[in-house]
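The values are calculated or read from the model by the stated rules, or taken from the named source; none is laboratory data. In this text the structure is predicted, and so the values were computed from the model without any measurement. Neighbour counts run over all protein chains shown; Cβ positions are idealised from the backbone, glycine included. Side chains are part of the model used for accessible areas, which takes the heavy atoms of the whole protein and leaves out ligands, DNA and RNA. Shrake-Rupley method; radii C 1.70, N 1.55, O 1.52, S 1.80 Å.
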Amino acid sequence: MYETICYEVSEGVAVVTLNRPDKFNAFTEKMNKEITDALKQAQKDPKVRCLLLTGAGRAFNAGQDLGDVAGGDVDYGAFLRERYNPMILQFQKTEKPIIAAVNGVAAGAGMSVALACDIRLASERASFVSSFVNIGLVPDSGGCYFLPRIIGMGKALELAMTGEKVSAAEALRIGLVNQVYPAESFQEDALAYARKLAALPTRAIGLIKRTMYKGLEMNLEETLAYEAFAQEAAGSTEDHREGVAAFMEKRAPRFTGR
Ligand code: T3D
């Protein structure tokens with residue numbers, strides 16, 4: 001169904017694999033659109049309770065395919081407005097956890113996409129390059145929004161201004177990734193992590209995601225009001241009732257995502 005990505009659902013996890021390995025999975029217009037579509041599809045599908053985004057081959061994603069922009073006048077504003085911005089917004093609109101399983105280098109908009117995911121898992125072979133500055137550009141696709149919020153302004157400015165490569169170990173140290181796994185077992189480790197998330201109360205997790213990201217833009221009073229609204233919604237789910245019942249009965253909960 002897709003040409004530039006693979007999309008597979010099993011055991012509650014939708015695995016989206018960026019699939020242009022000979023180009024380090026660099027973005028084309030088709031890939032931007034297919035990712036956006038896959039996220040929408042996963043949002044609608046009740047069988048999907050977690051998404052895992054990864055790359056085929058050696059790289060996670062090397063950003064925009066520079067072959068498409070080389071040697072011509074490109075309207076970068078239109079490029080971003082039409083292709084990248086709707087894709088990044090769809091990561092936020094997807095009310096299910098999205099994990100970036102960063103198997104290799106994540107550069108340019110590829111790094112921004114990893115930042116737009118909720119959790120970042122890295123292979124020990126992964127690396128991150130805010131490579132925009134290396135070609136005289138500004139971090140886009142949410143890079144200027146997410147990077148300082150995730151690692152703090154000082155480090156974010158340093159990475160964005162120097163375009164230096166960050167190793168997986170350094171990424172873990174500065175809080176850019178949540179976990180680092182051995183390269184040999186990375187895909188299984190990332191999938192196991194995703195399956196664990198997929199077995200949790202999906203609607204509460206969706207509401208946690210929405211409320212936390214909204215909280216970045218709100219003051220305390222507004223956040224407290226939004227938490228009350230979100231709790232009302234979470235409190236009416238079957239998973240909430242199951243969680244309380246399981247606690248009272250001293251057994252493990254069986255969450256269904258409803
Ligand atoms: O319209 C707009 O452009 C606005 C939107 C911008 C969004 C952006 O993402 S701008 C940033 C674009 N990306 C880059 O500038 C990154 C360019 N790539 C690199 O800096 C390096 O390739 C990497 C740091 C990602 C990896 O380095 P390394 O040494 O591990 O691998 P390599 O040998 O440089 O690349 C391997 C192959 O992938 C190579 O192909 P070949 O020679 O083996 O046939 C290389 O050309 C290809 N490749 C890597 N990145 C891209 C790419 N091909 C097309 N586009 C790429 N971005």
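Scanning segment 201-223 for residues that are of a type in the set (A, V, I, L, M) and surrounded by 12 or more Cβ atoms within 10 Å (Cβ to Cβ) yields Ala204, Ile205, Leu207, Ile208, Met212, Met218. Quick check on Ala78: is it surrounded by fewer than 24 Cβ atoms within 10 Å (Cβ to Cβ) and out of contact with any Pro (no Cβ under 7 Å at 6 or more places or on another chain)? Criteria met by Ala78.
For Phe186, the conditions (1) in contact with a Lys or Arg (Cβ under 7 Å, 6 or more places away or on another chain); (2) touching a residue at least 60 places away in the same chain (Cβ under 8 Å); (3) aromatic (Phe, Trp, Tyr) all hold with the exception of (1). Within segment 131-154, residues that are in contact (Cβ under 8 Å) with a residue 24 or more places away in the chain and more than 18 Å from Tyr84 (Cβ to Cβ) reach partners that are more than 10 Å from the ligand (Cβ to nearest atom) and outside any helix (DSSP H, G or I) with beta carbons closer than 6 Å, at six or more positions or on different chains, in the pairs Ile151/Ile174; Ile151/Gly175; Ile151/Leu176.
Exactly one residue out of Ala169, Ala183, Ala194, Ala198 is open to solvent by 40 Å² or more (accessible area, probe 1.4 Å) and under 28 Å from Met111 (Cβ atoms), and it is Ala169. Considering segment 71-188, the qualifying helices (runs of 4 or more DSSP H), each wholly inside and each with 1 or more residues that are within 11 Å of the ligand (Cβ to nearest atom), touching a Phe, Trp or Tyr at 6+ places or on another chain (Cβ under 8 Å) and among the aliphatic types (A, V, I, L, M), run over 109-116.
Residues of segment 4-60 that are more than 16 Å from Ala106 (Cα to Cα), open to solvent by 30 Å² or more (accessible area, probe 1.4 Å) and either touching a helix residue (DSSP H, G or I) at 6+ places or on another chain (Cβ under 6 Å) or within 13 Å of the ligand (Cβ to nearest atom) (or both): Tyr7, Glu11, Glu29, Arg49.
Filtering segment 17-36 to residues that are over 15 Å from the mean Cα position of the chain (by Cα) and within 18 Å of Arg81 (Cβ to Cβ) leaves Phe27, Thr28, Glu29, Lys30, Met31, Lys33. Can you say whether Glu232 is open to solvent by 70 Å² or more (accessible area, probe 1.4 Å), part of a helix (DSSP H, G or I) and either at pLDDT 95 or above or under 30 Å from Gly57 (Cβ atoms) (or both), as far as the supplied structure shows? Yes. If we scan segment 49-62, do we find a residue that is within 17 Å of the chain's Cα centre (by Cα) and over 19 Å from Ala194 (Cβ atoms)? Yes; the residues of segment 49-62 include at least one that is within 17 Å of the chain's Cα centre (by Cα) and over 19 Å from Ala194 (Cβ atoms).
Among the numbered conditions (1) within 30 Å of Thr202 (Cα to Cα); (2) open to solvent by 60 Å² or more (accessible area, probe 1.4 Å), the only one that Phe128 does not meet is (2).
Cβ separations smaller than 7 Å between residues 6+ apart or across chains give the following pairs from segment 44-59 residues that are in a strand (DSSP E or B) to residues that are of a type in the set (Lys, Arg) and open to solvent by less than 30 Å² (accessible area, probe 1.4 Å): Cys50/Lys96; Leu51/Lys96.
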